[in-house]
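First up is the structure itself, then whatever we jot down about it.
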Amino acid sequence: MTADIDLSGVFVHPLLIAAVLAFVLAEAIGWALTATRLYRFVWHRGLFDVALTVILWAGLAGLITGGSVAAVLG
């Protein structure tokens, strides 16, 4: 089990930080895909965005907690 991170007296679980970072990264990637018009190759934009966020969240969770992605996902 990982320890909580202290942010100015507020204890935050590392997976919450990973979720916020994954959402921000997914939005940035979505903006870049829109700007370069690459979203036209995506069949279902909403499904693609959710899948991208989940993949980024799992990867960041593995990096932040120091474990493998498979161990984080259960």
Completion exercise
A correct Karplus calculation of ³J(HN,Hα) over the stretch 4-17, with 6.51 cos²θ - 1.76 cosθ + 1.60, θ = phi - 60°, whole Hz and x for Gly and Pro, returns 6, 9, 8, 10, 6, x, 9, 8, 10, 6, x, 5, 5, 5
Exercise for the section: Under a 10 Å cutoff between Cα atoms, tell me which one of Ala51, Ala18, Ala61 has the largest fluctuation in the Gaussian network model of the chain. Expected result: Ala51
Handout entry: Cα-based helix-to-principal-axis angle, 45-65 vs the chain, degrees rounded to 10
Key = 30
Completion exercise
With the convex hull built on the alpha-carbon atoms of the chain, volume per residue in Å³ sits at 99
Practice task
Note down the nm distance, to one decimal, between modelled labels 7 Å out along Cα→Cβ at Leu25 and at Val54.
Solution key: 1.7
Completion exercise
The relative contact order of the chain, taking Cα pairs under 8 Å that sit 6 or more residues apart, comes to a percentage of 33
Fill in the blank from the handout: Once phi for every residue in the stretch 20-33 is put through the Karplus expression 6.51 cos²θ - 1.76 cosθ + 1.60 (θ = phi - 60°), the whole-Hz ³J(HN,Hα) values, with Gly and Pro written as x, are 5, 5, 5, 5, 5, 5, 5, 5, 5, 5, x, 5, 5, 5
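Every number in this text was worked out from the coordinates using simple rules, so none of it is lab data. Being a predicted model, the structure only gives us computed values, none of them experimental. Glycine also receives a Cβ, built like all others from the backbone with ideal geometry; neighbour counts cover every protein chain displayed.
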